[in-house]
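Shown next, in structure tokens, is the structure this report addresses.
The values are calculated or read from the model by the stated rules, or taken from the named source; none is laboratory data. Note that the structure is predicted; figures quoted are calculated from it, not measured. Ideal geometry is used to build each Cβ from the backbone, glycine not excepted, and the neighbour counts take in all protein chains shown. Side chains are part of the model used for accessible areas, which takes the heavy atoms of the whole protein and leaves out ligands, DNA and RNA. Shrake-Rupley method; radii C 1.70, N 1.55, O 1.52, S 1.80 Å.
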Amino acid sequence: MTGRILPNLLNPLDRPSVVPFPAPARRGPREKLPAAELRQAFEADKSDAEIAEEFGCSRQLVAMKRAKLGLRRRAKGGEKRPPSRFAPKTATERSVRIPPVDHPALSEDRTIYPATVTPVDRLLNVLVSGVNHWKIGGAIAKGAWAGFPVYTLTLEERATCPDSCRHWRSCYGNNMHHAKRVQAGRALEDRLGHELAVLQSRHPAGFAVRLHVLGDFYSVAYVDLWAAFIDRFPALHVFGFTARIDGRRDPIASALVRLVLARWDRFAIRFSNAPVDECATVTVEHPRQVPADAVLCPQQVGKTDSCSTCALCWQSRRRIAFLQH
Ligand code: SF4
């Protein structure tokens, strides 16, 4: 015990007694959510909202501290939640956010997250490793392109897409509020030339570029630029999808058809929901609706982790069916 030894002044023959010091006052503000108490509440199966209310703090603070302490919640049914946003997800785990029909983004041809559109001069690189994307993967594991590292390009959805796109409203980008969308235009086109030249010298045996995680080919000149890149950089291999399928009315679509037919071996861009038998995709609501000539995307049903471990989209010209997200 710490304290002060005081003599008994009324009876000096008595042994002096120890008078304890009062507990020292805490300096600074008291910690709002001490780790031990958070752990206790978590183990008592309290929700973040209940803990926040009990400790008078925000739910975000609870979630943040819980993550720091490694206290993960289990999803219903005892399944562990995916460890990060980069973890593989199947179609049954994805849900899409559909904005109301009068959302301004739909009539103004733009993303619903305009703050994520980034000018090229604010980006170190516009081509980003596929390792950052749970469905794409960082390096191709099979097929003719095995061993190629994968890079992705993400543009702004709707701003670069045809308004005939079947997913104009239910765009996959509605769920991607973290994704940086590279601003399309001259600066992007100049930068692509530089970055592809660097990748060509870094990976002379081959590398792949996934066009476009979001967005689409936005001009004939931009399609022609990719045609020139294919000629200039022999290591470059491209795969992806386009909603530009109306070759009779859309000159961008007809430029793409010409390029795909001429260079499918290195420019495997599929036409989404196009009424053609090859190099296309079809959207279905249920696996039993997959047409006989199509293959259901194996990643969506958990048969493979990512495009990098699948390779079907560029190995085969057969139609690929996707479950509607
Ligand atoms: S079929 Fe394979 S390569 Fe094509 S999108 Fe699905 S996982 Fe990717």
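Taking the condition among the aliphatic types (A, V, I, L, M) and without any contact (Cβ under 8 Å) to a residue 12 or more places away in the chain, does Val198 pass? Lay out the reasoning, then the answer.
On the way: among the aliphatic types (A, V, I, L, M): yes; without any contact (Cβ under 8 Å) to a residue 12 or more places away in the chain: yes.
In short, yes.
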### Summary
Subset of region 136-152, residues open to solvent by less than 30 Å² (accessible area, probe 1.4 Å) and part of a loop (DSSP other than H, G, I, E, B), comes to Ile136, Gly137, Gly138, Ile140, Trp145, Phe148
### Query
How many residues are without any contact (Cβ under 8 Å) to a residue 60 or more places away in the chain, in a loop (DSSP other than H, G, I, E, B) and crowded, with 16+ Cβ neighbours inside 10 Å if we restrict to region 105-122?
1
### Task
Look at region 200-228 and say how many of its residues are surrounded by 19 or more Cβ atoms within 10 Å (Cβ to Cβ), of a type outside the set (Val, Ile, Thr) and outside any loop (DSSP other than H, G, I, E, B).
6
### Task
Run down Leu296, Leu323, Leu312 and say which single residue is more than 20 Å from Ala208 (Cβ to Cβ), near the ligand (Cβ under 9 Å from one of its atoms) and outside the structural domain of Leu211 (by TED's automatic domain parsing).
Leu296
### Query
Which residue, of Asp265, Asp293, Asp246, is in contact (Cβ under 8 Å) with a residue 60 or more places away in the chain and open to solvent by 20 Å² or more (accessible area, probe 1.4 Å)?
Asp246
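Looking only at residues in region 173-198 that are of a type in the set (D, E, K, R) and part of a helix (DSSP H, G or I), which one is farthest from Val128 (Cα to Cα)?
Within region 173-198, the subset of a type in the set (D, E, K, R) is 180-181, 186, 189-191, 195.
If we keep only those that are part of a helix (DSSP H, G or I) as well, we get 186, 189-191, 195.
Numbers: Arg186: 19, Glu189: 15, Asp190: 16, Arg191: 13, Glu195: 10 Å.
Among those residues, the one meeting the criterion is Arg186.
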#### Entry: Residues satisfying the stated conditions in region 272-290, i.e. more than 25 Å from Phe217 (Cα to Cα), loosely packed, with under 14 Cβ neighbours inside 10 Å and away from the ligand (no atom under 14 Å from the Cβ)
Glu285, His286, Arg288
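Suppose the filter is within 16 Å of the ligand (Cβ to nearest atom), under 26 Å from Asp224 (Cα atoms), surrounded by 16 or more Cβ atoms within 10 Å (Cβ to Cβ) and of a type in the set (S, T, N, Q); does Thr304 pass it?
Values: within 16 Å of the ligand (Cβ to nearest atom): yes; under 26 Å from Asp224 (Cα atoms): no; surrounded by 16 or more Cβ atoms within 10 Å (Cβ to Cβ): yes; of a type in the set (S, T, N, Q): yes.
Considered against the rule, which asks whether it is within 16 Å of the ligand (Cβ to nearest atom), under 26 Å from Asp224 (Cα atoms), surrounded by 16 or more Cβ atoms within 10 Å (Cβ to Cβ) and of a type in the set (S, T, N, Q), Thr304 comes out as no.
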### Message
Given the criteria loosely packed, with under 15 Cβ neighbours inside 10 Å, over 26 Å from Lys180 (Cα atoms) and either in contact with a helix residue (DSSP H, G or I) (Cβ under 9 Å, 6 or more places away or on another chain) or free of Cβ contacts under 8 Å to residues at least 40 places away in the same chain (or both), does Arg232 qualify?
### Response
yes
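Quick check on my filter: what residues within region 93-104 are farther than 26 Å from Val150 by Cα, part of a loop (DSSP other than H, G, I, E, B) and out of contact with any Ser or Thr (no Cβ under 8 Å at 6 or more places or on another chain)?
Of region 93-104, the ones farther than 26 Å from Val150 by Cα are 97-104.
Right, trim to part of a loop (DSSP other than H, G, I, E, B) and you get 97-103.
Of everything in region 93-104, those that are farther than 26 Å from Val150 by Cα, part of a loop (DSSP other than H, G, I, E, B) and out of contact with any Ser or Thr (no Cβ under 8 Å at 6 or more places or on another chain) turn out to be Arg97, Pro99, Pro100, Val101, Asp102, His103.
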### Task
Answer yes if at least one residue in region 153-162 is touching a helix residue (DSSP H, G or I) at 6+ places or on another chain (Cβ under 8 Å) and surrounded by fewer than 18 Cβ atoms within 10 Å (Cβ to Cβ), and no otherwise.
no
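Looking at the structure I just gave you, is Phe322 in contact with a Leu (Cβ under 9 Å, 6 or more places away or on another chain), open to solvent by 30 Å² or more (accessible area, probe 1.4 Å) and either within 22 Å of Cys161 (Cα to Cα) or of a type in the set (S, T, N, Q) (or both)? Walk me through it before giving the result.
Values: in contact with a Leu (Cβ under 9 Å, 6 or more places away or on another chain): yes; open to solvent by 30 Å² or more (accessible area, probe 1.4 Å): yes; either within 22 Å of Cys161 (Cα to Cα) or of a type in the set (S, T, N, Q) (or both): yes.
Here the answer is yes, as Phe322 does meet what is asked.
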